[in-house]
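*Asks:* Supplied in structure tokens, the structure appears directly below.
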Amino acid sequence: MTNDSNNIEQPQNTPSERRTQWFMYLLFFALLLLPSLINSYSTTKEIAWQQFENDILSRKAVDKINVINNERAEIYIRKAFAGDSMFREVFKPAFGKGVYTGPHYVIHIGSIETFDRKLDEAEKNFAANEKINVQYIKKSNWFWTAAGWILPFVLLLGVWNYMFRRYSGAEGGTGISSIFNFGKSTATLLENQQSNVTFKDVAGLKEAEMEVKEVVDFLKNPGAFTKLGAKIPKGVILVGPPGTGKTLLAKAVAGEAQVPFFSISGAAFVEMFVGVGASRVRDLFKQAKQKAPCIIFIDEIDAIGRSRGKGAFLGGANDERESTLNQLLTEMDGFDTNSGVIVLAATNRADILDPALIRPGRFDRHIYLELPNMLEREEIFNVHLRPLVIDNSVNSHFLASQTPGFSGADIANICNEAALIAARNKKDKIGREDFMNAVERVVAGIEKKSKIISPEEKKIIAYHEAGHAVISWLMKTVDPIAKVSIIPRGKSLGAAWYLPEERQLLAKSAFRENLCAALGGRASEEVVFGEVSSGGLDDLEKVTKAAYMMVAYYGFNEKIGSTSFFDSTGQRDTGLQKPYSEETGKIIDEEVRKLVNDAYQQTKEILKQHMQSLEKVAKLLLQKEVIFKEDLEMILGKRSTGKITAESGGENVAAMIHA
Ligand code: ADP
């Protein structure tokens with residue numbers, strides 16, 4: 001579900017929003033600075049008691065004193081002294097003309113008692129009518145009082161803003177605007193409102209393309225259908241494994257129909273706050289209706305569309321998701337069939353979707369995408385090779401043959417990886433070798449030649465891989481082996497590479513032979529060294545899973561019989577509810593253990609019989625580190641391939657078994 005980030009518009013603050021932000025900041029600073037600004041413009045002078053007593057009081061120039069808040073004494077000088085050279089300065093007004101009426105001086109006092117005492121002492125010789133009038137005033141500072149009220153609110157607002165930015169900003173809302181956009185849809189609209197992807201960019205999805213072409217026709221020319229009374233479908237659901245081109249196909253529909261394309265991930269609806277998801281759904285449909293005809297693409301719809309009522313006993317944590325889903329259902333019912341809004345949704349788990357969502361009238365069309373086959377891979381390679389500079393050795397047919405089980409996204413990734421590898425090696429053109437390196441890198445990670453492995457460990461790895469190789473070579477139905485390597489890559493220490501054949505069915509015997517091939521490494525270690533190492537963990541995991549599938553799902557076991565406990569609807573919580581009795585559970589466990597043990601014994605027997613070949617393969621591996629099919633052919637002779645004899649589901653994924 002990759003997004004083509006290049007052509008998606010990132011929501012940003014508009015210039016007017018930015019201006020408002022700046023204005024708010026400026027206002028805040030101005031408010032902070034206001035009191036000090038006012039103070040700096042008045043001519044009131046601060047003075048010490050001693051100077052006050054000697055220069056002012058003694059000259060009987062004081063008119064009155066106001067003691068403010070028992071903290072400071074504000075001194076007013078008599079008007080008669082305005083012309084006096086000593087006082088001229090304090091009578092000068094800060095702005096304009098006239099006389100400053102005071103306070104002219106200020107004394108900061110320690111305690112009111114001391115001040116009174118000092119003043120009484122200084123006035124000792126004054127006549128009664130000359131005594132200075134002292135007033136005690138309580139004043140509150142309006143600014144700080146106001147700040148005391150406002151600041152907590154500002155702080156609260158700040159925290160609120162921060163939280164909303166974190167939770168909604170992550171989806172694209174930015175800055176102050178995100179506070180107000182919280183319940184709004186976070187769907188992104190493609191640049192120029194239209195997708196520039198067309199069906200030319202989609203390869204190998206012929207059938208799916210045919211189906212969605214209808215949608216394009218509906219969008220382009222709804223009249224042709226409505227004329228006959230037909231209703232245009234409201235929703236199309238694309239189902240398929242990741243990377244098979246669901247997003248790409250949806251974009252191509254929008255591109256072909258030349259209509260706006262809203263893209264959103266199902267997960268983006270679900271927030272930690274209750275009610276947000278539903279409000280986002282409402283908003284998305286409102287926006288879409290304004291832009292109709294258009295396409296809404298909801299990726300990973302299973303995030304909201306999962307069956308309701310499931311997991312309710314886990315504390316009702318899904319209430320929010322359920323209300324989001326209900327809103328989606330309501331919206332899909334609510335809009336007029338011919339309003340021109342078509343909802344495309346993608347998922348890789350159609351089985352777990354709520355039945356109400358996929359009933360006709362909502363998502364009434366289901367399109368299944370699958371991993372591409374050889375021919376389709378070739379077409380996809382052709383699309384992605386188009387922009388690359390390649391040399392003659394690169395051939396899309398060969399590349400397709402080397403990449404069974406790869407998805408369209410894997411192929412796109414390989415093409416890009418090959419270009420990067422070629423560029424790193426300072427080549428002018430990308431060659432076949434770069435593509436092969438890219439395939440290996442994508443499958444198994446980068447080669448780690450610097451990993452320190454002791455000679456003893458190397459020997460164990462070589463025999464382990466040789467074990468896989470020999471058993472795989474001898475077992476007819478196991479996929480053909482292409483190469484064996486003991487160069488560490490990614491997490492693995494060594495690897496056997498297979499080229500799976502494209503098969504839809506795998507017989508019971510083939511399953512068993514594959515078990516043996518996977519156990520080959522461990523068996524080889526035991527046969528050669530008499531002891532097994534921890535290197536076979538990955539193999540054992542695969543073997544155990546496959547064995548359980550054989551017994552419990554495919555009905556390959558005699559005791560369990562033709563019974564399958566597989567649940568294709570995904571409705572059952574397998575961790576808590578088992579579809580079989582305790583007794584049957586025990587039998588399954590026993591039968592799985594027996595199956596794996598038997599396969600292991602058989603593998604060891606085969607290896608003992610082919611000890612010489614095993615030794616040769618391991619020695620060659622130690623010598624060359626990487627050996628190919630041809631080397632194995634020289635040691636083990638030509639390989640005969642098997643036939644499919646019975647029916648069962650098969651997987652055709654590029655297999656890799658590592659030590
Ligand atoms: P999904 O949504 O199914 O997970 P995407 O549509 O996001 O997969 O596919 C990811 C990328 O893989 C696409 O951008 C495209 O480059 C490539 N891709 C996938 N399928 C195809 C295809 N059929 N043809 C061409 N490219 C494909």
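The values are calculated or read from the model by the stated rules, or taken from the named source; none is laboratory data. For clarity, every value in this text was computed on a predicted model and none was experimentally measured. Ideal geometry is used to build each Cβ from the backbone, glycine not excepted, and the neighbour counts take in all protein chains shown.
*Asks:* Restricting to region 383-398, what's the tally of residues that are within 14 Å of the ligand (Cβ to nearest atom) and buried (at least 17 other Cβ atoms within 10 Å of the Cβ)?
*Replies:* Summing the residues that are within 14 Å of the ligand (Cβ to nearest atom) and buried (at least 17 other Cβ atoms within 10 Å of the Cβ) in region 383-398 gives 4.
*Asks:* What pairs come up if the first residue lies in region 622-641 and is on the phi > 0 side of the Ramachandran plot, the second is surrounded by 12 or more Cβ atoms within 10 Å (Cβ to Cβ) and β-branched (Val, Ile, Thr), and their beta carbons are under 7 Å apart, counting only those six or more places apart or on different chains?
*Replies:* As it stands, the answer is Glu625/Ile486; Glu625/Ile487, since those pairs meet every condition given.
*Asks:* Going by the structure shown, is Glu417 surrounded by fewer than 20 Cβ atoms within 10 Å (Cβ to Cβ), among the charged types (D, E, K, R) and within 16 Å of the ligand (Cβ to nearest atom)?
*Replies:* Against the criterion (surrounded by fewer than 20 Cβ atoms within 10 Å (Cβ to Cβ), among the charged types (D, E, K, R) and within 16 Å of the ligand (Cβ to nearest atom)), Glu417 qualifies.
*Asks:* Could you check how many residues of region 434-445 are among the small types (Gly, Ala, Ser) and either out of contact with any Leu (no Cβ under 9 Å at 6 or more places or on another chain) or not assigned by TED's automatic domain parsing to the domain that holds Phe398 (or both)?
*Replies:* So in region 434-445, the residues among the small types (Gly, Ala, Ser) come out as 438, 444-445.
Narrowing the set further to residues that are either out of contact with any Leu (no Cβ under 9 Å at 6 or more places or on another chain) or not assigned by TED's automatic domain parsing to the domain that holds Phe398 (or both) leaves 444-445.
Count: 2.
*Asks:* When you check Ile112 against the structure, is it in contact (Cβ under 8 Å) with a residue 12 or more places away in the chain and either polar (S, T, N, Q) or farther than 17 Å from Thr44 by Cβ (or both), yes or no? Lay out the reasoning, then the answer.
*Replies:* On the way: in contact (Cβ under 8 Å) with a residue 12 or more places away in the chain: yes; either polar (S, T, N, Q) or farther than 17 Å from Thr44 by Cβ (or both): yes.
For Ile112, the condition - in contact (Cβ under 8 Å) with a residue 12 or more places away in the chain and either polar (S, T, N, Q) or farther than 17 Å from Thr44 by Cβ (or both) - is met.
*Asks:* In region 116-141, what residues are farther than 18 Å from Glu53 by Cα, touching a strand residue (DSSP E or B) at 6+ places or on another chain (Cβ under 7 Å) and assigned to a loop (DSSP other than H, G, I, E, B)?
*Replies:* Lys139 - this is the single residue of region 116-141 that is farther than 18 Å from Glu53 by Cα, touching a strand residue (DSSP E or B) at 6+ places or on another chain (Cβ under 7 Å) and assigned to a loop (DSSP other than H, G, I, E, B).
*Asks:* Could you grab me the full set of residues in region 360-403 that are farther than 27 Å from Asp302 by Cβ and in a loop (DSSP other than H, G, I, E, B)?
*Replies:* Answer for region 360-403, where residues must be farther than 27 Å from Asp302 by Cβ and in a loop (DSSP other than H, G, I, E, B): Arg386, Pro387, Leu388, Val389, Asp391, Asn392, Ser393, Val394, Asn395, Gln402, Thr403.
*Asks:* While we're here: Quick check on Ala409: is it more than 10 Å from the ligand (Cβ to nearest atom) and buried (at least 18 other Cβ atoms within 10 Å of the Cβ)?
*Replies:* Details: more than 10 Å from the ligand (Cβ to nearest atom): no; buried (at least 18 other Cβ atoms within 10 Å of the Cβ): yes.
It is false that Ala409 is more than 10 Å from the ligand (Cβ to nearest atom) and buried (at least 18 other Cβ atoms within 10 Å of the Cβ).
*Asks:* List the number of the failed condition for Lys448; all other conditions in (1) charged (D, E, K, R); (2) assigned by TED's automatic domain parsing to the domain that holds Val596; (3) touching a residue at least 12 places away in the same chain (Cβ under 8 Å) hold.
*Replies:* Lys448 satisfies all of (1) charged (D, E, K, R); (2) assigned by TED's automatic domain parsing to the domain that holds Val596; (3) touching a residue at least 12 places away in the same chain (Cβ under 8 Å) except (2).
*Asks:* Inside region 213-239, can you point out the residues that are in contact with a helix residue (DSSP H, G or I) (Cβ under 7 Å, 6 or more places away or on another chain), at pLDDT below 85 and among the β-branched types (Val, Ile, Thr)?
*Replies:* Val215, Ile232
*Asks:* Can you pull out the residues in region 335-374 that are of a type in the set (D, E, K, R) and touching a residue at least 40 places away in the same chain (Cβ under 8 Å)?
*Replies:* Matches in region 335-374: Arg349, Asp351, Asp354, Arg362, Asp364, Arg365, Glu370.
*Asks:* Would you point out the residue of region 417-433, among those that are in a helix (DSSP H, G or I) and of a type outside the set (A, V, I, L, M, F, W, C), that is nearest to Ala444 (Cα to Cα)? Show your work before the answer.
*Replies:* Of region 417-433, the ones in a helix (DSSP H, G or I) are 417-424, 432-433.
Checking which are of a type outside the set (A, V, I, L, M, F, W, C) leaves us with 417, 424, 432-433.
Numbers: Glu417: 13, Arg424: 20, Arg432: 18, Glu433: 16 Å.
In this case the residue turns out to be Glu417.
*Asks:* Still on this structure: Test Ile380 against the stated conditions and say whether it is more than 14 Å from the ligand (Cβ to nearest atom) and aliphatic (A, V, I, L, M).
*Replies:* Spelling it out, it is not the case that Ile380 is more than 14 Å from the ligand (Cβ to nearest atom) and aliphatic (A, V, I, L, M).
*Asks:* So, one more: So which residues in region 122-134 are surrounded by 10 or more Cβ atoms within 10 Å (Cβ to Cβ) and among the charged types (D, E, K, R)?
*Replies:* Within region 122-134, Glu123, Glu130, Lys131 qualify.
Matching residues to (1) within 16 Å of Pro293 (Cβ to Cβ); (2) surrounded by 15 or more Cβ atoms within 10 Å (Cβ to Cβ); (3) of a type in the set (A, V, I, L, M); (4) within 12 Å of the ligand (Cβ to nearest atom):
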{"position": "Ala203", "(1), (2), (3), (4)": "no, yes, yes, yes"}
{"position": "Ala208", "(1), (2), (3), (4)": "no, yes, yes, yes"}
{"position": "Val215", "(1), (2), (3), (4)": "yes, yes, yes, no"}
{"position": "Asn221", "(1), (2), (3), (4)": "yes, no, no, no"}
{"position": "Gly229", "(1), (2), (3), (4)": "no, no, no, no"}
{"position": "Ile232", "(1), (2), (3), (4)": "yes, yes, yes, no"}
{"position": "Gly235", "(1), (2), (3), (4)": "yes, yes, no, no"}
{"position": "Thr244", "(1), (2), (3), (4)": "no, yes, no, yes"}
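*Asks:* Which one of Lys459, Lys476 is under 23 Å from Gln612 (Cβ atoms), loosely packed, with under 15 Cβ neighbours inside 10 Å and more than 39 Å from the chain's Cα centre (by Cα)?
*Replies:* Selected residue: Lys476, the only one of Lys459, Lys476 that is under 23 Å from Gln612 (Cβ atoms), loosely packed, with under 15 Cβ neighbours inside 10 Å and more than 39 Å from the chain's Cα centre (by Cα).
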